[in-house]
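Working notes, structure below.
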Amino acid sequence: MRSDLLDQLEIHLARGLVEDARFADRTEATARVLLAVEPGDGLAMGEVARRLGREPSTATRFVDRAVAEGLVRRQAGLRDRRRRLVVLTPEGEVARDALLRRRRQRAEALLTAMLDSTGLGSGQVEWFLDALREGLEGAS
């Protein structure tokens, strides 16, 4: 029962990301890169791959696509010029902000639906979500 529920939640969240990416006129892969790289970050490809939960070769393809779209660029590291870091461009920051706004709207709608359908108070739902987050982090 629990695994079925988690499977459904995972599918729902993945479907939501695909819809949000389409809304922003992006691919899911590009949306994932935009969410992984924060403004001001200079991430090594290994860290990008870790944040994406993908193999380095897959993460490289995702980043290549985002580079081609002008959303991120690769730059030399400050301490080690041989190290290549992934950085958001100004256009990438705007696209990331739009994607995050859409994601927040989706999260608010989900929270409202939970409150309406369960009769729980917002504090109880926040407690549940915190417990779920901690459980997911502990299971990783």
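Derivation of every value follows stated rules applied to the coordinates shown; laboratory data play no part. Note that this is a predicted model, so its numbers are computed, not measured. Every residue, glycine among them, receives a Cβ derived from its backbone with ideal geometry; neighbour counts consider all protein chains shown.
Taking E38, E55, E28 as the candidate residues, the one with maximal mean-square fluctuation in a Gaussian network model of the chain, Cα springs under 10 Å, is E55. Mind checking the full-extension length gain between M114 and R65? Use 0.36 nm per residue of separation minus the Cα-Cα distance, one decimal, nm. Roughly 14.0 nm would be gained on extension. Please report the base-10 log of the normalised intensity I(q)/I(0) for segment 2-139, using a Debye sum with one equal scatterer per alpha carbon and no solvent, at each q in 0.11, 0.22 (1/Å). Log-scaled intensity ratios, in q order: -0.50, -1.33.
How charged is the neighbourhood of L88? Take every other residue with its Cβ under 11 Å from the Cβ of L88, and add Lys/Arg as +1 and Asp/Glu as -1. After counting each charged neighbour, the total is -3. When the chain is described by a simple charge dipole with +1 on each Lys and Arg Cβ and -1 on each Asp and Glu Cβ, the residue from L13, G121, T60 located farthest towards its positive end is T60. Taking each residue as 0.36 nm, the span from R106 to V125 lengthens on full extension beyond its C-alpha to C-alpha distance by 5.2 nm.
Can you tell me the order of 9-22, 122-135 when each peptide is scored by its average per-residue count of other Cβ atoms within 10 angstrom, highest first?
9-22, 122-135
In the chain, Cα pairs under 8 Å separated by at least six residues give a relative contact order of 20 percent.
Over the chain, DSSP H runs of length four or greater, each weighted -39,500 (n - 2.57), average out per residue to a 222 nm ellipticity of -23500 deg cm²/dmol.
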